[in-house]
Every structure is written in structure tokens, then in C-alpha cells.
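The values are calculated or read from the model by the stated rules, or taken from the named source; none is laboratory data. This is a predicted model, so every value here is computed, not measured. Heads up, the Cβs are rebuilt from the backbone with ideal geometry, glycines too, and the neighbour counts pull from every protein chain shown. Please note that ligands, DNA and RNA were not included when accessible areas were found on the heavy atoms of the full protein model with its side chains. Shrake-Rupley method; radii C 1.70, N 1.55, O 1.52, S 1.80 Å.
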Amino acid sequence: MEAAGGAVGDLKTYEVRTYGCQMNVHDSERLSGLLEDAGYVRAPEGTAEGEADVVVFNTCAVRENADNRLYGNLGRLAPMKTKRPGMQIAVGGCLAQKDRETIVKKAPWVDVVFGTHNIGKLPVLLERARVQDEAQVEIAESLEAFPSTLPTRRESAYAAWVSISVGCNNTCTFCIVPALRGKEKDRRTGDILAEIEALVAEGVSEITLLGQNVNAYGSDIGDREAFSKLLRACGQIEGLERVRFTSPHPRDFTDDVIAAMAETPNVMPQLHMPLQSGSDPVLKAMRRSYRQERFLGIIEKVRAAMPEAAISTDIIVGFPGETEEDFEQTMHVVREARFANAFTFQYSKRPGTPAAEMDDQIPKEAVQKRYERLVALQDEISWSENKKQVGRTLELMVAEGEGRKDGTTHRLSGRAPDNRLVHFTKPDAEVRPGDVVTVEITYAAPHHLLAEGPVLDVRRTRAGDAWEKRNAAPAAKPAGVLLGLPTIGAPAPQATPAPSGCGCD
């Protein structure tokens, strides 16, 4: 029997909408875990907009139109909420941290506004808003609890995010994240390793170490080699097959990190390191603490230590004051670095950043033309680099939801050690997400590879067992919505490395 307000039986449903970078994806897993720990259930697939009892927006503030996007979404929910008085709307994340009381002034039908530092308060704030029948706005100025101490609903059974730090000490002129996430705060190494060991015990076989500036880890605890030591320690964890990290900063990319990557078997030969611009004058205006020569020097060292490493990057086109000569320097670095892929962004004003107030903002038409030239060059390089993979035999970790056409092509998809996406022929033997298959690459496209021949080997894994168990077991029925603080559960994030969508690392 359906209860009023879209509840499943007597349970209230929730939906979390996530915008922005990996840190927000990671936080959303915590928000889902908190809500489920408090007795809510996720709204079923296909639930119509506005039918969930609680809708949470985990926002991003790094794009010029971020607030327009939020208020547009909130506006669509307003009449639905009027028809369903029990429905609640919460807004968290970076935009909430920045705009605070402005949100409820512009959208008075919002029930809860919370920031980046106090996501653990969401269930309590929702309950308080319901009881007091008024909006609750609570923004903490500093971190109240490290996110990994909070309950989590991980999206993947076989791969997980593991946050090693929060915040950032850099002052890039285009980025508002340090103002909203605060100064860097590192977790104790022992706590990180304990979380990873717990995840592996649950069946996770791949982890991605996550930080706003991940390889600066150790600056808060006074150990400049802490990150390389952490990578090596991950190599000692039995059952942990793949270790990745995102996103590092060239300033902190030291030789000991390169050595640890090359010498630790389960650290994957993959590096995502944001360039942002290849022009020294633009890098200076961005307050990036490296120059073209330094960046290309790191690439050279990484390739010398790991010849098969796939290197990707973020690039901003059209930063204020960027000349045609500056742009050509970016194109030069792209040609020299030969990135496996690049996540390219047209410069967008971040309200509250120094760059937004700079003179010489580049006309949209000029930015568009440069952007198209860069994308065309990188697509050509990506395709050329992918063609080098044809004929190679690779071990793939079978992925879930990576191949949008897998159903019609009768293929499955997986990730190579260097994180390239490979679509492969479905074998006769049962293959589950988290299992490992061996294939030979037969075809290369700019953004994926194909293995069209028979699968050479299938290795069933504990990660595949974990996926099977999760999908076979009926969901446990929560006890109902709690009125007090949520209980503290074992930490556990998600994975599949992604680009730093805000381009701010």
C-alpha cells in the first residue's frame, strides 16, 4: 500500500541530485547513507520528478550559471511541493556554502540549507524543519566531522572512493573551492588504511584515493613524502587489486611519488594531472605554481618510469587575457604531452573569484573557436594513442553501466589498468561486474577500444561475489524515520575515477 506523499509503504523516499566534481559524488554517497541510516529509502528507478518525499540538491558553485541552474530546478519543484505538503527539499554543497540565506529568500519553499562542512546534520535538519514548520539554514565555517566517519550508501560493490583529505591550500584565481571547502585537512594514515582494509573485506578490489589536491597529502601533518608512503602502504593490502588517485597538482608531484607509482604493483599506470594552460603568462595569472617546462618534465619522468602509463588532463580555454600566442602554447603542450584524453572547458566566470573581475575577458566567439581547435587536436592524439593498443592483451575489470550500447551490441565493458574503456564480446561463461577478463584489443576509436574476439580468460573475484550478493539479497527494511542524530556507521565510498569536472585542481 502506498502512503500519501510518495512513500513506499510507511517509509519515506529520497532522491539526491549531484552536480560537480568527484568530491560531491563522494559526499552524495554519504548523504544517501545518512538518509538510509535515518530510515528513508531511495526512490525507485523511474520515479517521476517531485514524487520523492525528500529531494536533496548537492550543488556545485564553480560555473557562472550554477545558481540559475539550481533555482530553475527548485522552481519546477515548487508547485509539486504545494500539492504535497509533506514533501521536503534540501540544498547542500558548495553553492549552499556560498549563498546561505539567499537560497531561502529566493526559494522560500526550500526546507533545509546546509554546507560542505556539516553534511552529517542533514537528517536532523530535515526533522527539525518538519517539527518547527520553518526553513533550517545551518552553515558551519569549518569541518565538523571528516566525511568518512559518516554512514555511506556506495554506488559500487567492487570499487570505492576513499577520501584522504578535504579542502585546498592553493589560491588559483579561477577557483572558488578553497573558499567553500576550507584549508586542507588530512586524515591520519592509519584511518585511511583501516578504511581501505574494511572495504576490501567487503569485497572491494579497486579504490581511488580522493582529495581536492590529493598529492599534497602530508602538508597538514608535516610529512612531504606522506603521499608516496601511502601509495606503497596500499601495495601491502592483500586483496586490493587496483589503486588510483585524483586529482594531483603539478606543484606537489615529486620524484618519490613517481617511484612509488612505478614500484607498487597495484598502483595503476594512470595519471590525471590538470594542466589548465600551457602558457607561462596565463599560468602566472591563474596563480598556478608551475610553468610549462615543469609540467612537461613531470610527464617525461612519468613516462620514463612507466612507459605504458595513460596520462589525462584538464584544460581551460579562454582565460582572461589569453592571447592567440598563449593558446598556441597550450596546443604545443598538448602535442608534446600526447594525453590519452583531455577534459577541456571554456573559461566560465566563477562568482567570487579574482579571475571574474579581471580585465581582458575573452569574447565568447574567440573562445569557441579556440576550444574547437583544441578538441580536434586532442581527438586526433587520443585516437593515435589508442591505436597503439591494438594487438595488446589486457586484463579488464568488468564494469557496470559503462557501455551504453552493451545491450544491443551483445558486449560487456571494462576498464584496463590504465583506465581506458574497453568494450568486449560477451563470453559464454558468466561474467559479473568486478570480475576480471583477459582480452586482445582489435580496434581503436578516439574514446574507447574494442576487443571483438573471444575472451581469453575469465577470473571470478571476490569483488564479483560482492556485486552478486548485493544484487541478490533483498533490501533490508529500515525501522522508520529517526528523530535524533543518525548513528555512525563504517565508512565506504564509491569509485570509477572521473575527471575533476570543475577543472579546479
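So for the stretch 69-76 (the condition being small (G, A, S) and more than 23 Å from M23 (Cβ to Cβ)), does at least one residue qualify? Full working, then the answer.
Start the filter on the stretch 69-76 by keeping residues that are small (G, A, S), which leaves 72, 75.
Within this subset, residues satisfying the condition of being more than 23 Å from M23 (Cβ to Cβ) are 72, 75.
Yes, there is a match, as at least one residue in the stretch 69-76 is small (G, A, S) and more than 23 Å from M23 (Cβ to Cβ).
If I filter the stretch 136-147 for residues that are among the hydroxyl-bearing types (S, T, Y) and either buried (at least 18 other Cβ atoms within 10 Å of the Cβ) or touching a Phe, Trp or Tyr at 6+ places or on another chain (Cβ under 9 Å) (or both), do I get at least one hit? It would help to see each step written out before you state the result.
Filtering the stretch 136-147 down to residues among the hydroxyl-bearing types (S, T, Y) leaves 142.
Filter again for either buried (at least 18 other Cβ atoms within 10 Å of the Cβ) or touching a Phe, Trp or Tyr at 6+ places or on another chain (Cβ under 9 Å) (or both), leaving none.
No, the stretch 136-147 contains no residue that is among the hydroxyl-bearing types (S, T, Y) and either buried (at least 18 other Cβ atoms within 10 Å of the Cβ) or touching a Phe, Trp or Tyr at 6+ places or on another chain (Cβ under 9 Å) (or both).
Taking only the stretch 264-299 into account, find how many residues are closer than 24 Å to K229 by Cβ and out of contact with any helix residue (DSSP H, G or I) (no Cβ under 7 Å at 6 or more places or on another chain).
So the answer is 7.
From the residues in the stretch 373-399 that are among the polar types (S, T, N, Q) and exposed (fewer than 14 other Cβ atoms within 10 Å of the Cβ), which one is farthest from Q346 (Cα to Cα)?
It comes out as T393.
Can you give me the number of residues within the stretch 325-348 that are touching a residue at least 40 places away in the same chain (Cβ under 8 Å), open to solvent by 60 Å² or more (accessible area, probe 1.4 Å) and of a type outside the set (A, V, I, L, M, F, W, C)?
Total meeting the criteria: 6.
Conditions tested, residue by residue: (1) of a type outside the set (G, A, S); (2) in contact with a strand residue (DSSP E or B) (Cβ under 6 Å, 6 or more places away or on another chain); (3) within 18 Å of F253 (Cα to Cα).
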{"residue": "R291", "(1), (2), (3)": "yes, no, yes"}
{"residue": "A305", "(1), (2), (3)": "no, no, yes"}
{"residue": "S312", "(1), (2), (3)": "no, yes, yes"}
{"residue": "G318", "(1), (2), (3)": "no, yes, no"}
{"residue": "E328", "(1), (2), (3)": "yes, no, no"}
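Can you tell me which residue within the stretch 175-188, out of those that are open to solvent by 50 Å² or more (accessible area, probe 1.4 Å) and over 22 Å from S348 (Cβ atoms), is modelled with the highest pLDDT? Quick ask: steps written out before the conclusion?
Within the stretch 175-188, the subset open to solvent by 50 Å² or more (accessible area, probe 1.4 Å) is 179, 183, 185, 188.
From the residues that got through so far, the ones that are over 22 Å from S348 (Cβ atoms) too are 183, 185, 188.
Details: K183: 85, K185: 89, R188: 92.
The qualifying residue modelled with the highest pLDDT is R188.
Are there any strands (runs of 3 or more DSSP E) wholly within the stretch 101-172 with 2 or more residues that are within 30 Å of V436 (Cα to Cα), touching a residue at least 24 places away in the same chain (Cβ under 8 Å) and among the hydrophobic types (A, V, I, L, M, F, W, C), and if so which?
Here the list reads 159-163.
Going residue by residue through the stretch 160-174, is there one that turns out to be surrounded by fewer than 20 Cβ atoms within 10 Å (Cβ to Cβ), among the hydrophobic types (A, V, I, L, M, F, W, C) and modelled with pLDDT under 90?
no
In the stretch 85-111, what residues are surrounded by 15 or more Cβ atoms within 10 Å (Cβ to Cβ) and among the basic types (K, R)?
Residues satisfying the conditions are K98, R100.
Looking at the stretch 236-324, what strands (runs of 3 or more DSSP E) fall wholly within it and have at least 3 residues that are open to solvent by less than 10 Å² (accessible area, probe 1.4 Å)?
Per the criteria, 242-246, 310-317.
Kindly indicate the residue of the stretch 400-426 that is in a loop (DSSP other than H, G, I, E, B) and open to solvent by 50 Å² or more (accessible area, probe 1.4 Å) and also nearest to S205 (Cα to Cα) among those meeting that condition.
So the residue we want is E400.
For the stretch 349-372, how many residues meet the condition of being out of contact with any strand residue (DSSP E or B) (no Cβ under 9 Å at 6 or more places or on another chain) and either assigned to a loop (DSSP other than H, G, I, E, B) or open to solvent by 20 Å² or more (accessible area, probe 1.4 Å) (or both)?
Residues flagged as out of contact with any strand residue (DSSP E or B) (no Cβ under 9 Å at 6 or more places or on another chain) and either assigned to a loop (DSSP other than H, G, I, E, B) or open to solvent by 20 Å² or more (accessible area, probe 1.4 Å) (or both) within the stretch 349-372 amount to 16.
Yes or no: the stretch 50-63 includes at least one residue that is open to solvent by 10 Å² or more (accessible area, probe 1.4 Å) and more than 20 Å from the chain's Cα centre (by Cα).
Taking every residue of the stretch 50-63 in turn, at least one turns out to be open to solvent by 10 Å² or more (accessible area, probe 1.4 Å) and more than 20 Å from the chain's Cα centre (by Cα).
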